[in-house]
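Asker: The structure's right below; bear with me while I get my questions together.
The values are calculated or read from the model by the stated rules, or taken from the named source; none is laboratory data. This is a predicted model, so every value here is computed, not measured. Because the Cβ atoms are built from the backbone with ideal geometry, glycine has one as well, and the counts that use them run over all protein chains shown. Note: areas computed on protein heavy atoms with side chains; ligands, DNA, RNA excluded. Shrake-Rupley method; radii C 1.70, N 1.55, O 1.52, S 1.80 Å.
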Amino acid sequence: MAQSLDRQAQTVIELADLQGIGRVNIDDVIEYVHTGLERLPTELELYARYLRQRWDVYELDFSQDRVDWQEKMTEDERTSFIGVSAGFHHGERQVEVDLVPFMLGGTEEEKIYIASQIEDEARHTVFFDRFYREVVGLPGDTIMDVLDNSYPWVSELFAGPFGLLAYLADDLTRDPENPRLRVRYATNYMLWIEGVLALTVMKLTLGYCRRRGFLPAYYTGFTATTRDESRHVQFGLRYLQKSVQADPSMVQEIHAVLDTLMVMGAARSRELYLEPLGFTAEFVRDFQVQQLVRKLNAIGVELPERLKARLAAMEAQIAGG
């Protein structure tokens, strides 16, 4: 995994069109998420980046993906792949709705940026709808029909962070300007779900696609989604950084949410099935710890000893959105 990007690689990712981003190594795009964390971009800088990096989900051609899925991938590979990716399918649709309460209590600059992120989430929802219809072959007349038909593959680990997200979104609907509720929401969604869990799904599925040479449209669209994620994560980190600087007691809210999420992640009845994709649960756990620590360092938040102990004992988790 790359530890830093040189300027040329960063520029390629920054400016690539849809076909160009499909040729970039996913490890470099994950590293791009962490580029510039020493001075997190403003909301309008992120909005300008969004305008440059928007892509058209209908430009993707899934015909080769369908051949790869049906004729080249093994049953174990298909089962593992869909088990990892199904949570992202549902997560994109949920966030498309649950970001609205967070937007309502923001500054005008935050609202402008968040409106662009909601559009991203809608585009990602259509991307996964096309993949599950045209490649996996799930039936359905509507987006919700296809979501219902992919639900049996969703990991129970999805329920914890996204259930908490729905709960926090309901709280914000009643009190959208409450700063503590907003910090809790940003910690759960932008720091944990997007900054740790979503990047894990991207690493696993896109790493598999690149190594095997399979699913080119999925690789292209989901790599573009990873680039979108850089904006989402950096916005969330900036929001949390500003909140902690304005009121250092907000660190307690971040700790409390992370504590809850780690406890939720310890409750499971089935193990992740990752070996057919070429990964182990131990690799995933280490990757997730690294992702979390890098984000916490960017916002200037340290974990207390009790959370360091929980983190050291954390099992690998998978969800997305």
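Asker: Can you sort Y273, Y208 by solvent-accessible area, 1.4 Å probe, largest first?
Answerer: Sorted by accessible area, descending: Y273, Y208.
Asker: Check the straight Cα-Cα distances from K308 and name the aspartates and glutamates below 18 Å, setting aside those fewer than 8 residues away within the same chain.
Answerer: Result set, ordered by chain and number: E253, D259, E282, D286.
Asker: Treating the beta-carbon of each Lys and Arg as +1 and of each Asp and Glu as -1, no other charges, what is the dipole magnitude of region 96-220 about its Cα centre, to the nearest 20 debye?
Answerer: 720 debye
Asker: A further question follows. Given V100, M144, T35, which one lies farthest toward the positive end of the charge dipole of region 18-150, if we put +1 on the Cβ of every Lys and Arg and -1 on the Cβ of every Asp and Glu?
Answerer: Comparing the listed Cα positions along the dipole, T35 ranks first.
Asker: Right, here's the next one. In Å², what does the accessible area per residue of the chain work out to with a 1.4 Å probe?
Answerer: Values: 12840 Å² over 321 residues.
On a per-residue basis, the chain sits at 40 Å².
Asker: Going by average Cβ density within 10 Å per residue, which order do the peptides 110-116, 278-284 take, highest to lowest?
Answerer: 110-116, 278-284
Asker: Also, I was wondering about something else. Would you kindly state how much longer the chain becomes between K242 and V67 on full extension, computed as 0.36 nm times their sequence separation minus their alpha carbon distance, in nm to one decimal? Display every interim value, and only then the final one.
Answerer: On the way: separation 175, 0.36 × 175 = 63.00 nm, distance 4.81 nm.
So the chain would gain 58.2 nm between K242 and V67.
Asker: Place +1 on the Cβ of every Lys and Arg and -1 on the Cβ of every Asp and Glu in the chain, take the dipole about the Cα centre, and give the residue among V301, Y50, T226 whose Cα lies farthest towards its positive end.
Answerer: V301
Asker: In terms of the Cα gyration tensor, with a ≥ b ≥ c the square roots of its eigenvalues, is region 168-294 rounded because a/c is under 1.5, prolate because a/b exceeds b/c, or oblate?
Answerer: Judged from the Cα gyration tensor, region 168-294 comes out prolate (a/c at least 1.5, a/b above b/c).
Asker: Going by a ≥ b ≥ c, the root eigenvalues of the Cα gyration tensor, does region 101-176 fall in the rounded group (a/c under 1.5), the prolate group (a/b larger than b/c) or the oblate group?
Answerer: Judged from the Cα gyration tensor, region 101-176 comes out oblate (a/c at least 1.5, b/c at or above a/b).
Asker: If a helix is a whole DSSP H run, which ones in the chain reach 20 Å or further along their own axis (Cα) and hold a mean Kyte-Doolittle hydropathy of at least -0.5? Spell out each step's value before the answer.
Answerer: Numbers: long enough: 75-104 (45 Å, -0.13); 108-131 (35 Å, -0.72); 159-174 (23 Å, 0.47); 216-246 (45 Å, -0.70); 250-265 (23 Å, 1.09); 281-299 (28 Å, 0.00).
TM-like helix candidates: 75-104, 159-174, 250-265, 281-299.
Asker: Hey, another quick one. Would you mind telling me the share, in percent, of accessible area of region 94-225 contributed by carbon and sulfur at probe 1.4 angstrom?
Answerer: Here carbon and sulfur together make up 55 percent of the probe-accessible area.
Asker: Mind checking which of Y132, Y218, Y167 has the largest fluctuation in a GNM of the chain, springs on alpha carbons under 10 Å?
Answerer: Maximum among the listed residues: Y167.
Asker: While we're here: R0 = 22 Å: FRET efficiency of V97 with D141, Cβ-based, nearest 0.05?
Answerer: The pair V97/D141 has a calculated efficiency of 0.60.
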